[in-house]
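Have a look at the structure below, then the notes.
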Amino acid sequence: MNKNQQTFPKPVVLIVDDQPASIEVLGSLLREDYHVLVAAGGTRALEMVFGNTRPDLILLDIMMPDMDGYEVCRRLKADERTRGTPVIFLTAMDQDEDEELGFSLGAADYITKPFKPSIVRARVRTQINLKLHADLLEQAAVERRELLIEYDTIFNNVQSAFFLIDIDPQGRFIIENLNAYHQEKTGLDLWNIRGKTPVQAFGPELGARIEDNYRKCFELQQNISYEETLLLPAGERTWLSRLTPVVINGRTVKLVGSALDVTDLKNAQTELLTSQSRLSWAQTLTQSGVWEHDMDQGTVFWSKECEALFGLQEGEFEGTYQAFLDRVHPDDREYVISTGRPIIEMKEGTTLEYDHRIVKKDGQICWVRESAGVVHDEAGDPLRVVGFVQDITQRKEAERAINKQKALEGLLMELAADSINAPLDDFEHTISRLLEAVGRSVEVDRVYLFNYDYVRKIAVNTHEWCAEDINPEIGNLQAVPFDLISEFIPAHERGESVHIPDVGELIENPGMRSHLEDQGIKSIVSIPLMDNRACLGFVGFDAVRKEKVFSDTEMYLLSFMAQVIVNLMSRLQASKEHQESEARCRVIAENIAMGVAVIDENMRITSANPRLRQWFPGLRPENTPLCYDVFCHTARKKVCKDCPCIVSFENHRVHQGIKRRNHKGDEQIFRLTSSPVPGPEGRVSQVVLMFQEITDEVLREEELRNRLNEAENRLAGGGPGGLCGLRGASRAMGEVYTRIRTTAGTDKVVLLMGETGTGKELAARAIHELRGRGEFMAVNCANLSPSLLESELFGHCRGAFTGASSDKKGLFEAAGNGIILLDEIEAAPSRMQTALLRVLESREVTRVGDSRPRSIGAKVLAAANQDLEAMVEKGRFRDDLFYRLCETVIHLPTLRERTEDISILADHFLEEYSRLSSRRPRQLSPRSMELLCGYNWPGNVRELRNLVHTLAEISPAPMIRPADLPDWLAGGTGGFTTLEERERKALQDAMDRASGNKTEAARLLGVSRKTVYSLIDKYGMDQGLWCRT
């Protein structure tokens, strides 16, 4: 095919498209049979093709951003290297002028989007085969031309000693052949010198002289003659030699020499037979044949491939022009004769192509393409006509299918446009015209429309068309029971069409087969009428005279026609519903407890219902007053700028409350809704006003609002931006609130993770508050010994241990259906972890000293300020308990992760202190708030709360300024650049302020006393510096 065949084992197809979806579809269809290359634009495609890539076919999209397909095709056809590469355009357009432009540029074909797999494969296969045929014929012609050159050279030097010199890649002259006459006259033995250079064969002196003549002929690329005396085995002779270069494509490939006029015919005959064999193979592969018409003899030669193409056995063709005409289709004979007559007047080297039909021996009709040229003798007179014939039946059938498809597409588009504008009162005629037009186009005998009646389980025939020569009584059923079309209904309800090319194959439903055969139906297609996934019925197409197979394209276009019918039916139904809706609206407007008015573009009230006229006595049926004269509480002579009617005329719906005093002087409150009414072109032409009196509702709402606000404040912790005591409006806290609300209504175990002071207990209480039942019980696992913790959680019986004087419920039981919080769960000893796991799995507890298990209904929450997963990896915490606790995990963010909440929290704590102490509220200056927001807060919210309360207590003025802040905060980071340094400094300051009292230091930092001890150990501080604990 081309040079790409040396690299790629399959024909190469280049897809040029900027749409990945199109590339993917085409690639999936073609990769199995072809090597697919892709270019994302026209520029990239030209770079590939003019580089080292030579595709066998190019699929070229027309609409591309960098360069459209027409320009790419124009450049390809302008370049000799790519002129023969076929191009198929990819297009979504259906315009004749576009196709004419593409074909005028040299395009081979079109493929229309969306792609049909069968069409894509057929057209690609056709163009690839045509390209292959052309390449093979060109190769055969080149080989034959080369052979004929050698043949002519030998023939022209007959009766002389003949020798053939080859030229190897290094440019050396190699003795390739000597004819018998040459060997006889020179005494040279061919087998002794073949494959040698003249120097090797004849010695340095004689060989150099011979090579000088060879080189001269090679460099000049023209015949040279020379006389020389050579001492050869047969004796010393004088030879008049002639050298002829064999030049192919501008390159000398061989030298032919003669000393006498004798040629080596046997060598030429062998090469000719090889060429003929290759030519025969090319004809078979390309479904073509070669013929020759001898003008002098009047005979016609057909190759065996040509005979096979016409349906004849080898040697069966009579060899005359009349015998050829007998095989031409009778309707095309005159055209073939008139077209072939000018051939003898053509110049040599030009060809004539034309298409016609033939009738094979078995009666089959096929399309062929003839290509012919004339060969002249030396006098310039026509000697013979040579040509080849190729079977193009498949291509003609494809062209016919395309033309038929285009005609059907055009018809459907025209009918769809007509149906859109068709008046609804002409519905019946429009449907009948549509069925007739499509039935004639797809060449069926009958088309009918059935609507499904799912109540009576029948299909009702509403419209039908029959061809003129078909008896209209055949199959003329007005209602068909569902059981006779059981093959259709399930497929139709799935939105699938049914195609039965041969009714006799309906083995699974003999009743339906018998019914169809009784109607004389041989083939049938039914297309469902789908409206919003509901099947309304189907359109059927019958073939009575002969069986018919519908193509994929026809099925697709018939589905389009069905949708046109559905649209018509929907329009008719919508019109009926609109009329019914108008009637209902009139009844509703007359009886509704709301006032309704319609305002036109001039702001006049065109209609009003009785209730509105009752409220506004100025409205009367016989007049159309201006809206502001009736509805505004003061006398106006123009429309106010915030009038809801004005806003609605800008296509916006308005909800607004209005107050007025009626004619008795009583205040009335209305909820007004102003809604735009778009006209046919989308422009608002009217506005509908709806008045609902809500005077009593407003009074009730005002009465309940205080109660509601009181409840909300209690749940929200007294202010905005929080949930049940938790404060903050950051995104991180928003996620916490969402998780709390989600889990509050479930019984799943919740694990609260977060550093000390982040509000884990507040989160637990929020869950309890939202849960709204039972008690809230909390226990710190780090503050109790294992035995005491077990008794506290599970309870004990009298006498279970020393001091157990009575039975006692544990916290699990005491919580009832409420909440139990296991704080610092990481500190629970191993034995307690095992017991907790058993409780979580069984939802039962056993009191210390008792053997009877007791069911529990409490929701279990656990809190941890350490990384439990790391503790599991180190073996310090049970992995099974960890996984059981992780049903729902809520991470409480540190203040470092939600610095935007610091100002909200600080203000809240100032208000809290003021409320608790009954003192005037304090405020933080902007700079003081900036310093608070810039601090790291290792103790998180608890540390911030303690500091704010302290500042509120000691501040002498209502405004807390930077001078009132402690040195460690007012100085920013104080020169410490790491978190550890800042943490150490905060601990040092707290211990100094507390005079060594670790409990007070913990309060100042907002952490536990245990954490203070851990920090002192962490930073190696000398506890002897502070005597108090």
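Only the coordinates and a few stated rules stand behind these numbers; no lab work does. Since the model is a prediction, treat every value here as computed from it, not as a measurement. Note that we place each Cβ from the backbone using ideal geometry, even for glycine, and neighbour counts take in every protein chain shown.
Footprinting exposure proxy ranking of Asp166, Asp331, fewest other C-beta atoms within 10 angstrom first, gives Asp331, Asp166. Proximity of backbone amide H atoms, modeled 1.01 Å from N, is registered between Ala778 and Leu821 at under 5 Å, excluding neighbours fewer than 5 places apart on the same chain.
Ignoring aspartates and glutamates fewer than eight residues from Lys347 along the same chain, the ones with Cα atoms less than 19 angstrom from its Cα are Glu292, Asp294, Asp296, Glu370, Asp377, Glu378, Asp381.
For the residue pairs Lys360/Lys546; Lys116/Lys548; Lys396/Lys548; Lys10/Lys116; Lys304/Lys548, the C-alpha atoms sit more than 27 angstrom apart in Lys304/Lys548.
Across all directions, the average projected area of the convex hull around the alpha carbons of the stretch 873-929 is 7.3 nm². The stretch 650-679 and the stretch 811-875 have Cα centres lying 60 Å from one another. Applying the Karplus relation 6.51 cos²θ - 1.76 cosθ + 1.60 with θ = phi - 60° to the stretch 521-526 yields 3J(HN,Hα) values of 8, 9, 9, 8, 9, 10 Hz, where x marks Gly and Pro.
In the stretch 724-891, the DSSP beta bridges split such that about 20 percent are antiparallel, to the nearest 5.
Applying the Karplus relation 6.51 cos²θ - 1.76 cosθ + 1.60 with θ = phi - 60° to the stretch 371-377 yields 3J(HN,Hα) values of 10, 9, x, 10, 10, 9, 7 Hz, where x marks Gly and Pro.
Backbone amide hydrogens, once placed in the peptide plane, bring Met295 within less than 5 Å of Arg384, Val385, excluding anything fewer than 5 places away on its chain.
Inter-part distance, the stretch 523-575 to the stretch 7-71, computed on C-alpha centroids, equals 37 Å. Proximity of backbone amide H atoms, modeled 1.01 Å from N, is registered between Phe310 and no other residue at under 5 Å, excluding neighbours fewer than 5 places apart on the same chain.
The smallest convex shape that holds all Cα atoms of the stretch 833-949, its convex hull, gives 173 Å³ per residue.
Applying D = kT/(6 pi eta Rh) to the stretch 724-891, where Rh is the Kirkwood radius over alpha-carbon pairs, T corresponds to 20 °C and eta to 1.002 mPa s, the Stokes-Einstein value obtained is 131 µm²/s.
The ranking of Ile902, Ile820 by Cβ neighbour count inside 10 Å, starting from the fewest, reads Ile902, Ile820.
The separation of the stretch 184-215 from the stretch 751-788, counted between C-alpha centres, amounts to 111 Å. Along the stretch 48-56 the Karplus relation, 6.51 cos²θ - 1.76 cosθ + 1.60 evaluated at θ = phi - 60°, assigns HN-Hα couplings of 5, 5, 7, x, 9, 9, 10, x, 7 Hz to successive residues, with x for each Gly and Pro. As a proxy for reagent exposure, ranking Tyr883, Tyr354, Tyr448 by other Cβ atoms within 10 Å from fewest up yields Tyr883, Tyr354, Tyr448.
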